[in-house]
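These notes concern the structure reproduced below.
The values are calculated or read from the model by the stated rules, or taken from the named source; none is laboratory data. Since this is a predicted model, take the numbers as computed values, not measurements. As a convention, Cβ positions derive from the backbone with ideal geometry for all residues, glycine included, and neighbour counts pool all protein chains shown.
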């Protein structure tokens, strides 16, 4: 029997390597799915405490004004609201596990300097998202809810009373929309720093386009937040400040790049 040619042997090894790669990816995805499902079930069990935590800014605004309530008008509304809470909370809690599994899948193919460069961004992503969500909860929601509640009308001088009775699903949708808008916006330094590291953007370019960034920040705030000036300013101003932070990060990245280039030139000359 004739022996396999070197080309056939190499191709066969390549196919086996690809198969092993796909098996490893499937294993990482399975562990990620198991982590998410476990966190989802735990979060569903605690859905009511989580929802009560989310409505505390509104409860604080209504303190001493009894009776106040949230309502649901469809039989399935509260159930699906709890499912949404479980999904959001489960995804957030399981993110470190999912990110860790993806890191273990990607890391073997990276050089040591690439690992040291990428890992801080992987850690900073959930931290910045959490800071953005906390900013919404503790600073934006109390002011926004007070603004919206100011449109209530008492029954006096022959006028009909207009009272705020939010639906539970609409309340959750609005809160999660704000949390995601601010959380993703707080990722701006991570995105721009990564782009600066790979050379797509530069410090000079970021400074030159600062005015356009300010306009885009207000447009994004108008699209992502409710139509009230408090929420829009609450998102636009942090985006502008984070853009300035991104410029500082890009400056550090360019300094590190120049230092590496100088060290490489010195080694080449020696």
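If the condition is being in a helix (DSSP H, G or I) and touching a helix residue (DSSP H, G or I) at 6+ places or on another chain (Cβ under 7 Å), then the stretch 178-189 contributes 178, 179, 181, 182, 183, 185, 188, 189. If you check residue 223 against the conditions, is it out of contact with any strand residue (DSSP E or B) (no Cβ under 9 Å at 6 or more places or on another chain) and within 24 Å of residue 124 (Cβ to Cβ)? So residue 223 does not fit the description; no.
Matching residues to (1) under 19 Å from residue 187 (Cβ atoms); (2) modelled with pLDDT of 85 or more:
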site: 205; (1), (2): no, yes
site: 208; (1), (2): no, yes
site: 214; (1), (2): yes, yes
site: 226; (1), (2): no, no
site: 229; (1), (2): no, no
site: 237; (1), (2): yes, yes
site: 242; (1), (2): yes, yes
site: 259; (1), (2): no, no
site: 265; (1), (2): no, no
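Among the conditions (1) closer than 20 Å to residue 85 by Cα; (2) under 22 Å from the mean Cα position of the chain (by Cα); (3) surrounded by 13 or more Cβ atoms within 10 Å (Cβ to Cβ), the only one that residue 168 does not satisfy is (2).
Which of the residues that make up the stretch 25-48 are in contact with a helix residue (DSSP H, G or I) (Cβ under 7 Å, 6 or more places away or on another chain) and over 14 Å from residue 100 (Cβ atoms)?
So in the stretch 25-48, the residues in contact with a helix residue (DSSP H, G or I) (Cβ under 7 Å, 6 or more places away or on another chain) come out as 25, 28, 31-32, 35-36, 39-40, 43-44, 47.
Listed by number, the residues that qualify are 25, 40, 43, 44, 47.
Where the second residue is in a helix (DSSP H, G or I) and the first is without any contact (Cβ under 8 Å) to a residue 60 or more places away in the chain and lies in the stretch 97-109, which pairs have Cβ atoms under 7 Å and are six or more apart or on separate chains? As it stands, the answer is 99/122; 103/122; 107/115, since those pairs meet every condition given. What about residue 230, is it in contact with a helix residue (DSSP H, G or I) (Cβ under 6 Å, 6 or more places away or on another chain) and either free of Cβ contacts under 8 Å to residues at least 24 places away in the same chain or part of a helix (DSSP H, G or I) (or both)? Yes. Residues of the stretch 40-58 that are in a helix (DSSP H, G or I) and surrounded by 14 or more Cβ atoms within 10 Å (Cβ to Cβ): 40, 42, 43, 44, 47, 50, 51, 54, 57, 58.
Of the residues screened, residue 118 is one that is under 21 Å from the mean Cα position of the chain (by Cα) and modelled with pLDDT under 85. Here is the figure for the stretch 190-205: residues that are surrounded by fewer than 16 Cβ atoms within 10 Å (Cβ to Cβ) and in a helix (DSSP H, G or I) total 3. Candidates in the stretch 66-105 are the residues that are touching a helix residue (DSSP H, G or I) at 6+ places or on another chain (Cβ under 8 Å) and more than 27 Å from residue 177 (Cα to Cα); of these, the one that is surrounded by the fewest Cβ atoms within 10 Å (Cβ to Cβ) is 104.
Got at least one residue in the stretch 1-18 being assigned to a helix (DSSP H, G or I), more than 17 Å from residue 93 (Cα to Cα), modelled with pLDDT of 75 or more and within 33 Å of the chain's Cα centre (by Cα)? Steps first, please.
So in the stretch 1-18, the residues assigned to a helix (DSSP H, G or I) come out as 6-18.
If we keep only those that are more than 17 Å from residue 93 (Cα to Cα) as well, we get 6-18.
Now narrow it down to the ones that are modelled with pLDDT of 75 or more: 18.
Add one more test, that the residue is within 33 Å of the chain's Cα centre (by Cα), and what stays is 18.
Yes, that holds for at least one residue.
Of all residues in the stretch 47-63, count the ones that are within 12 Å of residue 82 (Cα to Cα) and touching a residue at least 24 places away in the same chain (Cβ under 8 Å). Write out each step before concluding.
Pass one, the stretch 47-63, residues within 12 Å of residue 82 (Cα to Cα): 47-52.
Narrowing further to those that are touching a residue at least 24 places away in the same chain (Cβ under 8 Å): 47-48, 50-51.
Total satisfying the criteria: 4.
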